[in-house]
Structure formats: structure tokens, C-alpha cells
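Only one structure is covered here, and it is reproduced in the block below.
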Amino acid sequence: MYKEAAPLRNREKLWYLQPAQEWVEALPIGNGRLGGMIFGRVQEERIQLNEDSIWYGGPKNGLNPDGSRFLTEIREQLFAGNVEAATRLTRMSLFSTPKYYNPYQPLGDLKLYFTDQQGGVEDYKRELDLTDAITRMEYRMNGVTYRRVMFASYPDQVIVIRLKSDQPGMLNFSANLNRRPFEGESGALTADSIQMSGECGKHGVEFACVLKARSTDGRISVIGDFLSVEDASEVTLLLAAATTFRESDPIAACRLQIDEANRLSDDELELRHIRDYRELYDRVTLRLTNDAQLDNLPTDERLKLMLEKKEDIGLAELYFHYGRYLLIASSRPGCLPANLQGIWNESFTPPWESKYTININTQMNYWPAEVCGLSECHEPLFDHIERMLTSGRQTAGELYGCSGFVAHHNTNIWGETRPEGIFPTCVLWPMGAAWLSLHLWERFAFTEDISFLERRAYPVLKEAAAFFLDYLVEAPDGRLVTGPSVSPENSYLLADGTKGALCMGPSMDTQIIRELIEACKQSSSLLDVNAELRERLTALLERLPQTEIGRHGQIMEWMDDYEEADPGHRHISQLFALHPGTQISPLYTPKLAKAAATTLHRRLEHGGGHTGWSSAWIVNMFARLEDGEQAYVHLSQMLRKSTYPNLFDAHPPFQIDGNFGATAGMAEMLLQTHAGELSLLPALPAAWTQGSVTGLRGRGGYIVDLMWIHGKLSEASITASKAGICRVRTPNPVLVRCGGMDIAVDDGALIVEFPIERGKTYELYPTMTSSEGTQ
């Protein structure tokens, strides 16, 4: 039995009054490369470990050698409506050989055995403090208070575990590293450290993990492949891991990391970790007015109350911060990008191989990066896109006979791009590289970093666009379309009842190409290069299909207004143009916006939004439609039905994209900048009556702070990174000031424009009406 401790008060903590029994109750720590899931068990602690480059097997070619021979015939069959014949031929000639990428796998487990701690446990609590990225655990047993502190340090590239007792000599435990059932070698490394090493299959990476103990008292020794600690009062464990993905000698790399960290005191290690983390985390704040009594409840109890329809606005605030924490913890410069599970995975055969699914999931992982001021956390994705270029060029040339580069719906650690899998609903979708490339454009849009545009963004955008100049084919009506392709993972029904997925020119493909071409054209103009390419792209743009409205008043998903086999499907791909695209707006394209709303409601009426990440996308879409009430409904629905006790998103099973998508969605409810203006509080729900947010980033290089009372904007500040004209849309008329001086704007207007200077901050205040009286 665990006797409850006094309640903690911290709005930015996950905390519990009992250990984790299941993996989705454990608390995650990470430094982008190393991850740990901490269970907080008393007698037998488990810390499940990950290292981002531990993937089974090595790179493969896998392109189907017969693909290019049958491409024209497959297209002709699809234009003729012979879906089954086209699908049969596509599966044989275009799908890759072998079919699947190998999985991302765990590093193993660190177990701590406290066999002498027997008796009743009192005042137990464990927590993850999002303000310093540290997990803490405390309990009393037999009159002794025990404390554990754990964190994953990015500056020192180790996991640090500190154990203390408040009475001398009361720490006695053993520690072991294992990787059941795929263990390699393990044993003593030095008198106070142990190691575990092995390999991840044929041609796979080799890995190593080292654990060192240090203490000011007691005895530390190695027995077999266990670290033994006896009669100590305070012990620090340092854990390092490495693979041949980055290091030629992983054991040597681990020893170096341990030696470097060991030169620092415990307090120095913690201070370096906190300073590094807070430099990112403290850029944004969010405060929503909430029932203070709910803030005093453990996180799992708050989730249970949500199931009982209890309103908990503070839990949404915590979820927002948790998404930022998870991105910092799973994606840092020099690391691999966050995969389907970030970096946290306990299975050797994880769902969907825990890879990079790039028909929405990997992209969703990075939706909060720029708006939440975490541009550095976006870097691993850019690195990986560049890693994909070699394979993407090969796939474009050998499979399709095209220039440029292309990727399909999945990729892996090696940046492979072939059509992977066996299911016709998802495999042959040639838009993965195009969508990913738009993330580089987003970085530029937010930062206005012309050097980044020239060095990194434009070269990738140009190659992604070059593929479509060669690849698009003329449809019978003269339009240029993609194909064979799919509307990701969905199926349609022909008039005779035939079910199909493979098609020509699905709406999402065209919408992505439009965004890509516009980004490429703008980049070319800004850099004053490739004028001829701009002309070719402009001509291509004019021949693309338009987004169309179907017989139900919905945005059409395919070129023909087919019935859907699953009207409640989790993917809502035809609304890419609404979000994350920029082609549908309630202000500038009201008819399409109304059709987008109809599309969402039809999906929901048929059971859509039933997975965590899909609900997160819906939050973003309703925010773009400026429907704050529906955005809030689906955010609350996520917390009620798609959230595990440790606040991980439930697909189910766990996928981290929903966490990131929801964080981005909440930012989207408060600030939108995709339409060439700063739109303040565009989708504020009635439930968020009062609050503030600071540090949100806007496209154009802005930093935006907002405050609202009684559901109305009360104050805003905008800091500019460059000179120019700032265009702002507000829910009520405003005055604009800078340095105490009024800036002239249209009186009573909801859209105002004013000149700005680099580095200056502009304050916006609502104008008073006679009914409002004196403020």
C-alpha cells in the first residue's frame, strides 16, 4: 500500500502517488538522442532505454526493377476506370522488394534492485517537472526518506540518476543492463562501471551502453555484470550509449562521454542541463484560468475526472507544455528526427515499425516547432530530408524516369524512399518528399533567414519541384495530374461497387504541389535566381486541377466525386489545403471554407477523429476555420479518450504525433499567421475566458504576446525582427503604440497596417466604446 503524500502545486508538472505499472504510465526523459522511461518502482526500478539510431538491419536498395516498364500501362488502366487491373499490376511492378523497412528498437533496460527495502511505503510521490526536464521520486520506508532524481543531459550526452537517503549508509542496491531477448555481451568495464554491447541484425548498427557509479561513501564494486552499491548515503549513476551510426567504436565513445561527465559535480551536471533546457522551454508561456483545486490533483486523477465530463482547462494548458517538452526531449540538433514514438519505444517489433511515416505523422511531429519558438528542434528533420536526397533521386530516376527527388509514405534511419509496404491504400503515394520539403519553407517563413533559404531550403524545394515537372501526366480533360497515387489510406467505391484506392490526381496531391510550387517560386524570386524555372512552374500551376466541391457540399477527395468506402476515415487528406496548407480560408475563400466545414462534419458524423493524431488534426482544422468551440471540443475529446496516464497520445497504441499536433492546434487557436497577417485570438473558445500567452512566433519574423479577459483581447505586443509593414487582424478595434507613442492606424478597423522597425516592440490595446466605460 502506498500512503499518499501532501499534494504538490505546480501547473507544469505531471505527478502521481503510485509507481507506474505499465509502460504508458512511466515518465519520459530525453536529450534528443537518449531516452528513458522511468517507472518509479521502489524495490525494483525499471528505466527502459532508447538511443535514436538503434534500428534493426542496414540500408537496402529495394526498388522494383520492373516499375518503369509498366508505369504507362498502369496510368492508362486507371484513366479507363480499370482499378482492379491497375492495382494488380502496380502491386507486382512498383511495390518495393523487399516490402518493409526494418524497425526502430529499444536499447534495453536498466534495472535497480533494492532488495533490502522491505516494509510499508509512505508519502510516495513521483513527478516530471516540465520547467526543468527532471523526474523526481520520493518515499519513506522504515523511517528513512529516499529520493531519486533523473534527467537526460543534452550538453553532456548522458542520463544522470541521483539517489539519496536522509540517513547515512542506507542505500544498498545492485544495477544491471539487459536487452532481453536480444542480448549481446555484458560485464565489467572498470571497478565502478559495467557495459552492454551488441548488434542490430545483419548489416545493422553495433551499439554499446556504459553505466558508471560514484559516491562519497559506501562501497561500489562490480560482481558479474552487476554494479553493486553498499552502505552509501548518496550515489550518482552516469549512463552513456552510442552506435556505429555515428561512432566507429561505440564503447570508446561511451567511455569518453562518461569520463567527461564524471569531471563535473552533481550540481554542475544538473545546472548545465537546466540552463540548456530552459533556454528553449522558457521562450513560450501559456496561462489559462482554471479551478485551483484541480491543479492540486495528481495527473491520472484529473484524467479520470475528464472522463466524467469534468471541465479541466488547466489540463489542456499542461498538455500544451508537455508537447513542447516532448519535442525538446526527442529532437535536438545532431540527432535523428522524432519518429512515430518520438524516441521512446519498448518493443522490438513496434507498431508500424516506429519509423517515419511521412503521409502526415512525421510532419505533424514538427507542427509546433516554429510557432513555439523551437526552431533548433526542427533541425533533425532538415538533416534527414537532406539524407533522403540520394535515395530520392535514385527512386525518381529508376522507378519513374524523372529528375528531382521523390519519397513515398515512409522512410527510415537511412533515408530510403521506395514505395514500402503491401497495402494499396498507402504504398504508392509519391508526395512524401514534397510535403517534407515545405517544412524548410516554413522555417524561412517564420525566421526570414535568407541565408537558410539559399543554403538549405531552396535547393531542396527546387529538386522536389523538378520531379513533378517530369512526372505529371496529362489527363483526358487536359489537366496535369499525379498518378498512380492514393488519397492516403482511404478507399472509394465505383458505381458498380468496386472498391479502389489507387487513382489518378487525388486532391491532396494537387494541393501539396500547389504549396510546393508557390514556395519554390517565391524562393526563386527572393534569391533572384532561376527565372526560367519560375516560368515553367507558373505554366504548370495553371494546368493543375482546382479544389472542387462535391454533391454533398464537401471538398472532393478524388477527381471524381466517388462515395467513400469509409466515410469516417481517420485521414482527412482532401483538407490539406485548409491545414497545414494555406489555400482555404474563411475570410478569403468562404465557399471552400464552408465546404471544408461540411467535410469535417461528415467525417465526424460517421465516427471520424477516433485516433489521437486525427483528433489533433481536427483541432487544427477547426482553428483554421476560426471555430474555437469545435476546436476546444476535440481538444477535450483527446484528453478524455486518446490520452494515456502519462499524457502520451493514444492512437491507440501510443503515437507521439497527437501530442505535437494538439500543442500546435492550441497555438493555432491563439495566433494564425499563414494568410499574410497576424490574426490574434482567431479561434478562442468561450471556456478560455481569461489567459495569456507569450513568445509565440509568427511568420514574418514576429514574436507575439497576448492577453485576454472575459474572452476579449486586452493587450498584445508584437516584436519585429525586420523592418517593413505589419498587418494585424484583431477581434476588436485596437490602438497601436511603440515606445509610448501612438502609431496611426485606421480607427475602428479590425485589420490594421503600420510600419515597423527591426527590434522594436509594438503594443496593441483595445479601443474603448461608450458602453465599456473607463478601463
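Separation of segment 541-611 from segment 205-241 is 57 Å, based on Cα centroids. Computed over protein heavy atoms with a 1.4 Å probe, the carbon and sulfur contribution to the accessible area of the chain reaches 49%. Axis angle, to the nearest 10 degrees, between helix 507-527 and the longest C-alpha principal axis of the chain: 90 degrees.
A 1.4 Å probe run over segment 409-539, with the rest of the protein chains in place, finds 31 Å² accessible per residue.
Mean separation of Cα pairs under 8 Å and 6 or more residues apart, divided by the residue count, gives segment 94-235 a relative contact order of 20 percent.
Working from label points 7 Å from Cα in the Cα-to-Cβ sense, the residue 735 to residue 142 distance is 7.0 nm. The alpha-carbon of residue 462 sits under 18 angstrom from the alpha-carbons of these lysines, leaving out residues fewer than 8 places away in its chain: 521. In the assembled protein chains, residue 498 presents an accessible area of approximately 30 Å² (probe radius 1.4 Å).
Against the criterion of solvent-accessible heavy-atom surface with a 1.4 angstrom probe, 719, 362, 216 sort, most first, into 216, 719, 362. Take each peptide in 729-735, 442-448, 100-106, 297-303, count the other Cβ atoms within 10 Å of every residue, and average; sorted highest first, the result is 100-106, 442-448, 297-303, 729-735. Modelled this way, with points 7 Å down the Cα-to-C-beta line, the labels at residue 496 and residue 246 are 5.7 nm from one another. Highest mean first, the peptides 319-331, 694-706, 468-480 sorted by other C-beta atoms within 10 Å per residue fall in the order 319-331, 694-706, 468-480. How would segment 144-277 be classified by its alpha-carbon gyration tensor: rounded, prolate or oblate, with rounded meaning a/c under 1.5 and the a/b versus b/c comparison settling the rest? Because a/c hits 1.5 or more and a/b fails to exceed b/c, segment 144-277 counts as oblate. The fraction of all Cα pairs in segment 409-517 landing in successive 10 Å bins from 0 to the largest distance is 13, 38, 32, 13, 3, 0, given as whole percents. Checked against a 24 Å cut-off, the cross-linked pairs 164/212; 13/309; 309/594 give Cα-Cα distances beyond that limit for 309/594.
Think of a 1.4 Å ball rolled over the protein heavy atoms: segment 38-110 then has 38 Å² of accessible area per residue. Relative contact order of the chain, taken over Cα pairs closer than 8 Å and 6 or more residues apart, is 11 percent. Could you list the residues of segment 238-259 with an amide nitrogen less than 14 Å from a label point located 7 Å from the Cα of residue 190 in the Cα-to-C-beta direction? Counting backbone N atoms under 14 Å from the label point, the list is 238-240, 252-259. Largest accessible area first, the listed residues 742, 509 line up as 742, 509 when surface is computed with a 1.4 Å probe on the assembled protein chains.
Annotation for segment 474-500 versus segment 342-357: alpha-carbon center distance of 31 Å. Restriction of the trypsin sites (Lys or Arg not before Pro) in segment 495-585 to DSSP coil positions whose beta-carbon has at most 14 other beta-carbons within 10 angstrom yields 543, 551. How would the chain be classified by its alpha-carbon gyration tensor: rounded, prolate or oblate, with rounded meaning a/c under 1.5 and the a/b versus b/c comparison settling the rest? Oblate. Computed with a 1.4 Å probe on the full set of protein chains, the accessible area for residue 309 sits at about 140 Å².
Using a probe of 1.4 Å, the accessible surface attributed to residue 743 totals some 40 Å² when neighbouring protein chains are kept in position. Cross-link reach is defined here as a Cα-Cα straight distance under 28 Å, omitting same-chain residues fewer than 8 places apart; for residue 99 the lysines meeting it are 60, 202, 355, 499.
Only Cα pairs under 8 Å and 6+ residues apart enter the sum, and on that basis the relative contact order of segment 26-179 stands at 24 percent. Cα centroids of segment 683-758 and segment 163-178: 54 Å apart.
The values are calculated or read from the model by the stated rules, or taken from the named source; none is laboratory data. Every value quoted in this text rests on a predicted model; they were computed, and no experiment measured them. Glycine also receives a Cβ, built like all others from the backbone with ideal geometry; neighbour counts cover every protein chain displayed. In case anyone asks, the SASA skips ligands and DNA or RNA and just uses the protein heavy atoms, side chains included. Shrake-Rupley method; radii C 1.70, N 1.55, O 1.52, S 1.80 Å.
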